[in-house]
Amino acid sequence: MSRTPRTLRRGRPELYSDYAADQAIWNTPAKRWSTLVLLALALSLPWFLGRDLLGLATLVAVYAISGIGLNLVSGYAGQISLGHAVFMGIGAYTAALLGGSPQGDIRGFELDLLIWLPLAGLVPAFVGWLFAPIAARVRGLYLAILTLGLLFVGEHVFKEARWLTGGSGLGRKPADPVVLGFALYEERTILGTEVPAIGVFYLFALLLLVVLAVVARNVARTRQGRAFSAVRDRDIAAEVMGVPLLRTKRLAFTLSSFYAGIGGALLTIVFGFVTPERWNLLLSIDFLAVVLIGGAATISGPIIGAAFVVLMPRFIETFAGSLPGWFVSTAVGGGGLLNVFQLQRLLFGVMIVLFLVVEPRGLFGVWIRVRNYFKAWPFSY
Amino acid sequence: MSQTMTAASMTEEQGGEVLTLATRIRRFAEQDPYRVCMREKRFGIWQDITWADYWDKVELVAHGLYALGIRPGDRVGIHAENRPEWLYADVGITALRAITMGLYPTNPAPEVAYLLQDSGSRILVAEDQEQVDKALAVVDECPDLEWIVYLEPRGVRDYDHPKLIPFEDLLERGRVHRGSDPDLLARMAQDAEEDDVVTLIYTSGTTGPPKGAMLTNRNVSFGIDILVFSGGLFDPSASQDDVTLSYLPLCHVAERAATVWNNAGAGVTVHFAESIETVQANLKEVQPTLFFAVPRIWEKIAAGIQIKMYSASRIKKLNFGLWMKVAAFIGAQRVANDGNHTLLTRLLYAVGYPFLYRALRDRIGMRKVRAAGSGAAPIAPEILQFFFGIGVPIHEIYGMTENAAVATVNRRGRVKLGTVGEPQPGTELRIDETSGEILTRHPGVFVGYWNKPEQTAETLAADGWLHTGDVGEWVDGTHVRIVDRIKDIIITAGGKNISPSEIENHLKTSPFVKEAMVIGDRQAYLTVLIGIEMDTVADWAQRRQLPYTTYRDLTEKPEVLKLVQGVVANTNERFARVEQMRKFRMIPKELDHEDGELTATQKVKRSSLNDMFGHLITDMYGNRTEHAGGDLVDVHPSRDFVPSHEQED
């Protein structure tokens, strides 16, 4: 038992007298305050943005959830996975089956969100758990190919299981986000202002993101989280130190799939409709981009990355009009060198290349650089 | 005035008890048992130690030592780096009315033997395998030594020696003994007297073997009253809200005052640095409010700032350059104003604070420093001005072991650079008219050297005046300027008296110079031996893409010789013609305590340098150029040590 007067603590941010403070996520006042301000800003968006931009904001939150999931397995544990889209798909269809309404041949049980949302995470997690022992046998390039195989199997199953997915090219409606009779996708008056349906859902997605991000951050700093990093940095060395490889990789895949499933379920609700073709390689690559551009092995990284990947196409679309017509055509059938969609994909690719070469730690790494510049002030190191 | 009143009341015997370090700690433990009073960094965390913990450990150590046979008046040695156990042992020994004898962690085995023999220590508290090995190597030469208590069992656990006992066992014996005789310390406290010798502080001994100065309870209480309660060390006086970092050797009187006395007197929270190498990092974490350092540390901090700036980015360099110019102005203004801010400098400082000063002070761990001190050796005025400029006012203090570190201090707002300040309250100070020696008299003056009545008689006059051995002079009738140690003063062949330390200190303001020894006694002109600062010169050489291998190789590079020549020339400009150095030679190795070139307090032992590097000196005065060095025009490498790549051309 000891008492430390305030005068002995104030203004000494680096003096830690217990491990809890030393290891805290928000270990400095600056981090605490900036997080609170950012959160308040994010919470206030439904009262400022229009329907269209709120849709994008929701997409950012959903992409971030899935991105964090992929980061757990690929960023922290270093197990490259191209199969992320499949786990998202499994989550999406679990949700649609349990929470959606039946349409002809397509099954639906119209259950409550409190049932389908957890299961939308748990079912993919179980599949991930089953899949992990196979994935744990290989690494690097082989693992990438192996997960690619999983992707093809998944795509085939999704296309054929008409009772579940509506079949190739047709698709089905997603689950209804209703909690104990309270619809989350419905226009509401909050704090005296009309908030559009997507705004309400945005708040829900944001809440989920915050909870899941904090959980992931905490996982990352547990013994298991450190085991992830150990496996990533050198699996043989990790095993020699007593880190069980199979169990660690399995946990990484399971956790990652859980996040993917939740993300997939929410994604379908944002889109309002879902076809089996959506869960393809391109989507997986989108999420690899979220992780790489945002910053591998961080939690803030995928959130920044999600914002970047979701908002950049819109940004290009908005400013394509100011580019010369011979270069980019905004109208369909225009005579430019590229159309807007091509420009988007092209820039996307260029971005990934640039980040890998220039700043492998992603946008978060850029921030770290800026922060360190001022942290080292007035010196350079 | 009120401060001296409280100080006076603190010395009075309260409740029939003499106020010892032990009773002070016990009172804190009774008044505020759960308040943090010390922190020690272990396993990456600053572990809290409360007053109750502190006193409990003191009791256990005292009872344990008693159980091992220590009785009032016995000597107990402590051979450890700064750590809480040092204080537990020190205060525990005091509680038993025994005598603490501190050893420097750098003391080599022969010196350990001398100190143990001379003091007749019955028990030695040794920190770890390193110190235990030293003690075991000489244990047969020390017949009085009965036990060696070790703090760190690592490496020592397997030793099979009948005199070894782990610290844990000592505490356990203490626990058992406390159960059987719980009133022991209360009885001891009742019996304690003002004239009890509480500690032997061995003086560093630049000449001859170290002498153990005996300080009594009265001396220590006076030291605490003046240094702690009357702003003698830090002004305004230290309080419970203050934080310090303990890193200088505790067996030195200055650090004893800064750590043990500040803590026991005012309840200052002490943080123990992990080691001398981590002081910079620890400072940044702890951000002390009070900081005492020796000139060498201040020089190192100032040089560290310069070195880090060399490799900073362009914008940061510009920012630094601009605001350091302003700081130089502020420093000069404050120096001209007795250390006070003027309206203009205050304003300039406020503007520069967010741009540079705040961050800079934060990085060097001085952001919260409200009072800083420098002592134990003379410091160059340029260094003080530099720190005044960036907002860390350093007040030079003068004192010595023999007067419980109480003599003079530069008071806040009455600073005169180049002086050691005004006499402390309650201190009589005079300067002998014929010899110029400074004499002090006050209740803190020691009672004599342990077992050395002759040396005591030389130093301590019968009427209570202490001969400090320093030559001084009055400045403006109020402040005292130290000229030099009497025995160091150089008398040239021309009959001129020259104080070498002033010249040496100016040389050492260069970040590239670590050691300088000016020579010229009974010679026609002055010369100097220079030792470079490895870190900074290595960095300098790297930036010039100058390849080198060892310290000696670097030292003897023509480019480095040119660099040193520049420093010497620069210093010469500041001094009169007879005080200018004509030649210099490089010291080919880093000076070291173990090799007998430095004292435990890192002071150069002139006599041993004269012996070891006599060939360099004859090289200069014999007008030869066999060894690396130069004069004011040319430089030349060593003849016997020509780097291979230069032989080719």
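Every number here is computed from the coordinates shown, using simple stated rules; none is lab data. Everything numeric in this text was worked out from a predicted model, so none of it was measured. A quick note on method: Cβ atoms are made from the backbone with ideal geometry, for glycine too, and the neighbour counts reach across all protein chains shown.
Mean separation of Cα pairs under 8 Å and 6 or more residues apart, divided by the residue count, gives chain B a relative contact order of 10 percent. Which shape class applies to the range B:162-273: rounded if a/c is under 1.5, otherwise prolate when a/b exceeds b/c and oblate if not, where a ≥ b ≥ c are the square roots of the Cα gyration tensor eigenvalues? In terms of gyration-tensor shape, prolate. Residue-normalised convex hull volume from the C-alpha trace of the range B:390-533: 158 Å³ per residue. Taking amide H atoms as placed 1.01 Å from N in the peptide plane, the amide H of B:D32 has no partner under 5 Å among residues 5 or more positions away or on other chains. Report, to the nearest 10°, how far helix B:109-119 tilts away from the longest principal axis of the Cα atoms in chain B, using its own Cα long axis and a range of 0 to 90°. Compared with the principal axis, the helix lies near 50 degrees.
Which angle from 0 to 90°, rounded to the nearest 10, does the C-alpha axis of helix B:84-95 make with the longest principal axis of chain B? Tilt relative to chain B: about 50 degrees. Listed from fewest to most Cβ neighbours within 10 Å, the set A:S284, A:S256 follows the order A:S284, A:S256. By the count of other C-beta atoms within 10 Å, a proxy for reagent exposure, B:V58, A:V366, B:V415, A:V195 are ordered fewest to most as A:V366, A:V195, B:V415, B:V58. Over the protein assembly as shown, DSSP H runs of length four or greater, each weighted -39,500 (n - 2.57), average out per residue to a 222 nm ellipticity of -14500 deg cm²/dmol. The C-alpha atoms of chain B define a longest principal axis, and helix B:167-180 lies at about 30 degrees to it. In the range A:116-236, the alpha-carbon atoms span a convex hull of 174 Å³ per residue.
Gyration tensor over the Cα atoms of the range B:491-534: the corresponding equivalent ellipsoid has semi-axes (square roots of 5 times the eigenvalues, largest first) of 23, 10, 5 Å.
Counting only Cα atoms, the size of the range A:229-381 along its three principal axes is 62, 53, 25 Å, in decreasing order.
Helix screen, chain A: DSSP H segments with Cα axial length of 18 Å or more and mean Kyte-Doolittle hydropathy at least -0.5 are A:29-44, A:51-70, A:84-99, A:113-135, A:141-160, A:197-220, A:245-271, A:281-294, A:300-320, A:340-358, A:362-375. Taking beta carbons within 10 Å but only from partner chains, what does the mean come to for residues B:313-325? Whole-number average of other-chain Cβ neighbours for B:313-325 is 2.
Hydrodynamic radius of the protein assembly as shown by the Kirkwood approach over all distinct alpha-carbon pairs: 34.0 Å. Here the peptides B:570-576, B:385-391, B:600-606, B:191-197 are ranked by packing, the mean other Cβ count within 10 Å, and the order with the highest first is B:385-391, B:600-606, B:191-197, B:570-576.
Per-residue Cβ neighbour counts within 10 Å put B:M366, A:M312 in the sequence A:M312, B:M366, beginning with the fewest. Computed with the Debye formula from one identical point scatterer per Cα of the range A:1-154, without solvent, the log10 of I(q)/I(0) at q = 0.08, 0.16 Å⁻¹ comes to -0.43, -1.06.
Note on the range A:50-324: Cα-Cα pairs beyond 28 Å make up 35% of the total pair count. Considering only Cα atoms, the convex hull volume of the range B:276-486 works out to 138 Å³ per residue.
The mean count of C-beta atoms from other chains within 10 Å of the C-beta of residues in A:369-381, rounded to a whole number, is 5.
A Förster radius of 22 Å, combined with the Cβ-Cβ distance separating A:R234 from A:I368, puts the computed FRET efficiency at roughly 0.40.
Placing R0 at 56 angstrom, the Cβ-Cβ distance between A:R247 and B:A328 gives a FRET efficiency of 0.35 after rounding to 0.05. So what's chain B giving for Rg/Rh, alpha carbon basis, Kirkwood Rh from the mean inverse pair distance? A ratio of 0.97. Taking every Cα-Cα distance in the range B:489-647 and sorting them into 10 Å bins from zero, the calculated P(r) comes out as 11, 42, 37, 10, 1 percent. The length gained by stretching the chain between A:E14 and A:A161 to full extension, at 0.36 nm per residue less their Cα-Cα distance, is 47.2 nm. Packing, as the average of other Cβ atoms within 10 Å across residues, places the peptides B:453-461, B:131-139, A:316-324 in the order B:131-139, B:453-461, A:316-324, highest first. Here the label points at B:H615 and B:R346, each 7 Å from Cα along the C-beta direction, are separated by 6.2 nm in the simple model.
The protection proxy used here, the mean number of other Cβ atoms lying within 10 Å of each residue, ranks peptides B:476-486, B:421-431 as follows, highest first: B:421-431, B:476-486. Averaged over the residues of peptide A:12-25, the number of Cβ atoms from other protein chains lying within 10 Å of each residue's Cβ is 4.
For the range A:302-381, pairs of C-alpha atoms spaced more than 17 angstrom apart make up 59 percent of the total.
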